[in-house]
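Take a look at the structure set out below.
What follows is calculated from the coordinates using simple rules that are stated; it is not laboratory data. No experiment lies behind these values; they were computed from the predicted model shown. Virtual Cβ from ideal backbone geometry, glycine too; neighbours counted across all protein chains shown.
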Amino acid sequence: MNKPKIWLSSPHLSGLEQEYVRDAIDSNWIAPLGPYVDLFEENLKRFCQVSGVALLISGTAAIHLGLKLIGVAQNDIVLCQSFTFSASANPILYEKATPVFIDSELETWNMCPNLLEEAIVKYVAKGKKPKAIIVVHLYGMPANMDKIVALAGKFEIPILEDAAEALGSNIDGKPCGSFSEFGVLSFNGNKIITTSGGGALLSNNEEAIEKARFLASQAKDFAPHYQHSEIGYNYRLSNISAAIGVAQLSIIKDRVASRRENYEYYLKQLSHIEGFTFLSEPTTYFSNRWLTTLTVDPSIYNLDIINLALAKENIESRPLWKPMHIQPIFMDCDIFGGEVSENLFNKGICLPSGSNLTLEEKERVISVIISSINS
């Protein structure tokens, strides 16, 4: 008989979700608007320290609308972090723009400011100034926003900040998602809080957020009949999903604390092993540690053996993200650098990191890893 499954990052309910969803149903507010949508948006504004939030059906939808609000159009250049999930880059193609990928720095694993500047200078010299920059706070680790924001400001290029994995992370107290023109959150089932599926667009430009809500509601004009002057989308989050989100956000600090405890546990149990390395926080950075990641020196251990051993014991693990510039759909795109993210992909693993992990489950994970490298 298989041992109980240990998930990489499963949903973790607070106990309040059923009450709020029942209230939404009893009041018949089950549409993509309603009091829980309004309340969740207000609560997110306070938590993320922004003046505007539009709740949407996914983080991908938020990136798409962010690019549209920036004015990205066909053949525009969009500079995008390569080391990320494809949802960060796919919306560039929705608008028939051209993605150009930027490799990571070793300190944060996120967009390298030096390579970003190199790319900007190159395209400006060619008369093709980039239209936008998409930076990602990967695995909850904040990107080097001081340098990236300074570069974007110098060249007057708006930033779209993908904080899908970084709710609860900050730099010197400033939340991820609040550093730029637009921020993006995800409430997918594996995120630190979830609405089952869902996302949000953040901004201090309240007019732009109102425009996002308009576009996300099929761009219905203010008229006594159904009239549409622009292409719209069915992107708004339902009141029921928002009710779940209100409950989830109320315990976000506990969820962050649990994820960080997971990281500290793995660090204590494994960091003494030669060839095992964990990503540390730079000074003034605070990561929610959405997923605890481990890199393994391939000259000492075979990562495939570790992954197979975990899978055999019904423990879910995952490789680090495969960089966008080596994905089949994006292989013809320009890339600045590439070696850092490729190297991380080849030697990295995500360990089970859910906020509902028990000590017994973490001990199982450690036992399997230790056994696999000693066999």
Place a point 7 Å from the Cα of Ala257 along the Cα-to-Cβ direction; which residues of the range 179-214 have their backbone N under 17 Å from it? 193
I want to verify a result. In a Gaussian network model of the chain, Cα cutoff 10 Å, which of these has the top mean-square fluctuation: Leu13, Leu320, Leu65? Leu13
Against the empirical 2.2 N^0.38 Å scaling, what ratio does the C-alpha Rg of the range 81-215 come to? 1.03
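Any of Lys128/Lys211; Lys126/Lys154; Lys154/Lys191 with alpha carbons more than 22 Å apart? Name them for me.
Values: Lys128/Lys211 27 Å; Lys126/Lys154 18 Å; Lys154/Lys191 34 Å.
Cα-Cα > 22 Å for Lys128/Lys211; Lys154/Lys191; rest within.
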Indicate the gyration tensor shape class of the range 190-304 (rounded, prolate or oblate), computed on the Cα atoms with a ≥ b ≥ c the square roots of the eigenvalues: a/c under 1.5 is rounded; otherwise a/b larger than b/c is prolate and the rest oblate. prolate
How many percent of all Cα-Cα pairs in the range 57-119 sit more than 14 Å apart? 56
Per residue and in Å³, how big is the convex hull formed by the alpha-carbon atoms of the chain? 149
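In percent, how large is the relative contact order of the range 17-249, given Cα pairs closer than 8 Å and 6 or more residues apart? Don't jump to the answer; show the numbers that get you there.
Numbers: 515 pairs, mean separation 64.9, N = 233.
Once normalised by length, the contact order is 28 percent.
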Per the helix-only calculation at 222 nm, which mean residue ellipticity applies to the chain, given -39500 (n - 2.57) for every DSSP H run of n ≥ 4 and division by its residues, nearest 500 deg cm²/dmol? -11500 deg cm²/dmol
Would you calculate the volume per residue, in Å³, of the smallest convex hull containing every Cα atom of the range 252-374? 145
So, in Å, what gap is there between the alpha-carbon centers of the range 277-291 and the range 90-145? 21
What does the extension gain come out to for Asn374 and Asn302, with contour length at 0.36 nm per residue minus their alpha carbon separation? 24.8 nm
Percent of beta bridges antiparallel (DSSP, the chain, rounded to nearest 5): 60
What is the distance in Å between the Cα centroid of the range 1-25 and that of the range 194-258? 22
Would you mind telling me which residue in Ile231, Ile315, Ile157 has the biggest mean-square fluctuation in a Gaussian network model of the chain, where springs connect alpha carbons within a distance under 10 angstrom? Ile231
